[in-house]
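The values are calculated or read from the model by the stated rules, or taken from the named source; none is laboratory data. Here the structure is a predicted model, which is why all the values come from computation and not from measurement. Cβ sites come from the backbone with ideal geometry, for glycine too, and all protein chains shown count toward neighbours. Areas reflect the complete protein model, heavy atoms only, side chains present, ligands, DNA and RNA absent. Shrake-Rupley method; radii C 1.70, N 1.55, O 1.52, S 1.80 Å.
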Number of protein chains: 2
Amino acid sequence: MRLVIARCSVDYIGRLRAHLPLATRLLMVKADGSVLIHSDGGSYKPLNWMSPPATLRVAEPETEDAESGVQEVWHVQHAKSDDRLVISIHEHLHEYSHDLGVDPGLVKDGVEADLQRLLAEQIDRLGPGHTLVRREYMTAIGPVDILARNADGGTVAVELKRRGDIDGVEQLTRYLELLNRDPLLAPVKGIFAAQQIKPQARVLATDRGIACLTLDYDEMRGVDDADSRLF
Amino acid sequence: MRLVIARCSVDYIGRLRAHLPLATRLLMVKADGSVLIHSDGGSYKPLNWMSPPATLRVAEPETEDAESGVQEVWHVQHAKSDDRLVISIHEHLHEYSHDLGVDPGLVKDGVEADLQRLLAEQIDRLGPGHTLVRREYMTAIGPVDILARNADGGTVAVELKRRGDIDGVEQLTRYLELLNRDPLLAPVKGIFAAQQIKPQARVLATDRGIACLTLDYDEMRGVDDADSRLF
DNA sequence: CCTTGCATGTCGCCC
DNA sequence: GGGCGACGTGCAAGG
């Protein structure tokens, strides 16, 4: 990894055009050729960047640019598209390189899979008398998060989200359309379950006869912990 | 901005839990307290991070950690939530600080808003005789990008995307469904306009009686520039 | 301040 | 390589 602090201006031309006026920034060149341009604020997203794989070519400035103070020009070219980044360096303030090696990578714990497991274990949160058929019920267009039966023996399809928005309702609608073509399952009711459900999603779901269920993750985990304590 | 190259392990606890095993990485501490942990590959997303505003507290390692080689522990605490990052530093390999100042920020050209403005100005690209009703026409389920009338006085709803995908067609379909319930507007025709339209999206749109329109942004901007030159 | 929808989204999975 | 779904999504604009 190569780190450069420089006064520079930057132009990106590719999926759109973007320009950064002259200022002091951090340029990070990674081993795979990707380049990140960071300021001293904002979140983790750089001001501008080039995704890997890319190649960096350093050139002398055009006469006009040289006269306006450009010392060197970095041409960063994406290997597979015609996206490119042009970095005009006016002043080189610091330079450092270090070989970091390959990273062992991130280990995550506690994502949506947990919510799904908890709801499957506490299936009566769908309503009294519900029984679990199975999680990740496969269909031709993808897996239904949870398939269950209600007290009357009717089939219920559950789409589970951490944050419930319109896309999730569309997703569940597609599943319901498909499942309702199966005479062994039809009629299939839909339940849209999420920790938080956006108003527009709730309107759309209700309009389509899909029930909404807000889940309290902490409460569900609490029940799970209480269950675990029995062993 | 403070840059540190260090052998470290990292733990994040907040909306989920995540762990990075011991390896050599770049730690970037920004002026607003945010921290980024980068490896020498991947795209612009760090392996782990803390968003601003946050505070960094450096502590001595617990006895047990010290015995396993930890020299110092960074506690990065988010100011508004209880998200936190714990960075256990085993070896400090490089350190550099530089005040970058405030960045003037990125200037973008070619995002959806630009495309929408140009299409509204050049509304006859929808076909001869079209007139603009308004941009961002509000409905209960969200704003229709452009509402227009065609030569026959019929209403036309336009969904605009930089890249036309299936979900864009779904979005327009929802708007059309809703708009067609309004007797003052019905029947409403749909036009799916994008710089690039994916084959599957085109098929779906056509199947639903929605017209597809491919937009040439450079050409549209060229017309705009030509107009501007008149003044 | 909260909600909403775009993003050069990125990332990982499966086909 | 494309489609699909999740993300600690981030981010800005608008009510």
What is the spin-label model distance, in nm, from A:Glu95 to A:Gln200 if the labels are put 7 Å beyond Cα along the C-beta direction? 5.0 nm
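So what is the diffusion coefficient of chain B in µm² per second by Stokes-Einstein at 37 °C and 0.692 mPa s, using a Kirkwood Rh over Cα pairs? Don't jump to the answer; show the numbers that get you there.
Working: Rh = 22.1 Å.
It comes out at roughly 149 µm²/s.
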Between copies, how far does the label point of B:Ala79 sit from its twins, in nm, shortest first, when each point is 7 Å from Cα along Cα→Cβ? 4.1
Two-decimal Rg/Rh of the protein assembly as shown from alpha-carbon positions, Kirkwood Rh? 1.03
Ordered by residue, what ³J(HN,Hα) values in Hz, to whole numbers, does the stretch A:163-175 give under the Karplus form 6.51 cos²θ - 1.76 cosθ + 1.60, where θ = phi - 60° and Gly and Pro are x? 10, x, 10, 4, 3, x, 5, 4, 4, 4, 4, 4, 4
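Measuring with a 1.4 Å probe in the full set of protein chains, what accessible area per residue, in whole Å², belongs to chain A?
Numbers: 11750 Å² over 231 residues.
That works out to 51 Å² per residue.
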In whole Hz, with x marking every Gly and Pro, tabulate ³J(HN,Hα) for the stretch B:203-210 from phi via Karplus 6.51 cos²θ - 1.76 cosθ + 1.60, θ = phi - 60°. 4, 4, 4, 4, 4, 9, x, 9
With springs connecting C-alpha atoms under 10 Å apart, model chain B as a Gaussian network and identify which of B:Leu36, B:Leu16, B:Leu47 has the largest mean-square fluctuation. B:Leu16
Suppose we keep just the DSSP beta bridges with both residues in the protein assembly as shown; what percent of those would be antiparallel, to 5? 80 percent
For B:Ile197, distant residues with modelled amide H under 5 Å away: B:Gly164
Helix-derived [θ] at 222 nm for chain B: sum -39500 (n - 2.57) over DSSP H runs of at least 4, divide by residue count, nearest 500? -6500 deg cm²/dmol
Total accessible surface hidden between A and B, rounded to 100 Å², 1.4 Å probe: 5100 Å²
In Hz, Karplus ³J(HN,Hα) per residue of the stretch B:67-83 (6.51, -1.76, 1.60; θ = phi - 60°; x = Gly, Pro): 5, 8, x, 6, 8, 8, 10, 9, 9, 9, 10, 5, 6, 10, 10, 9, 5
The answer for B:Ala79, listing residues at least 5 apart or on another chain whose modeled amide H is closer than 5 Å to its amide H, is B:Ala54, B:Thr55
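Please figure out what share of the DSSP beta bridges in the stretch A:112-229 is antiparallel and state it in percent, rounded to the nearest 5.
Values: 11 of 24 bridges.
The answer is about 45 percent antiparallel.
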GNM on chain A, Cα springs under 10 Å; top mean-square fluctuation among A:Gly164, A:Gly42, A:Gly153 goes to A:Gly42
Listed residues A:His78, B:Met138, B:Leu184: farthest to the positive end of the dipole of the protein assembly as shown (Cβ charges): B:Leu184
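What dipole magnitude, in Debye to the nearest 20, does the protein assembly as shown give about its Cα centre under +1 on Lys/Arg Cβ and -1 on Asp/Glu Cβ?
Values: 54 positive and 72 negative charges, 297 e Å.
My answer is approximately 1420 debye.
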Where nothing but the Cβ of Lys and Arg (+1) and of Asp and Glu (-1) is charged, how large is the charge dipole of the stretch B:73-188 around its Cα centre, in debye to the nearest 20? 480 debye
Residue with peak Gaussian network fluctuation, chain B [Cα springs, cutoff 10 Å], from B:Lys30, B:Lys108, B:Lys80: B:Lys80
Using alpha carbon centroids, what distance separates the stretch B:107-129 and the stretch B:70-104, in Å? 44 Å
What gaps in nm, shortest first, separate B:His98 from its twins in the other copies when you place the label 7 Å past Cα toward the beta carbon? 1.5
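Counting only protein heavy atoms and a 1.4 Å probe, tell me what percentage of chain B's accessible area is made up of carbon and sulfur. Intermediate results must be reported in sequence, preceding the final value.
Numbers: 5850 of 11520 Å².
Taking all protein chains in place, chain B shows 51 percent carbon and sulfur surface.
Where does the stretch A:2-97 land on Rg/Rh, using Cα atoms and the Kirkwood Rh?
Details: Rg = 12.5 Å, Rh = 13.4 Å.
When Rh is taken as the Kirkwood radius, the ratio is 0.94.
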Leaving out same-chain residues fewer than 8 places away, which lysines sit with a Cα under 27 Å from that of A:Lys189? A:Lys161, A:Lys198
Distant-in-sequence amide H partners of B:Val144 (H built 1.01 Å from N, under 5 Å): B:Tyr137, B:Met138, B:Thr139
Straight-line reach check, A:Lys30, cutoff 20 Å on alpha carbons, 8 or more apart in-chain or any other chain, hits among aspartates and glutamates -> A:Asp11, A:Asp40, A:Glu72, A:Asp82, A:Asp83, A:Glu95, A:Asp99, A:Asp103, B:Asp40, B:Glu95
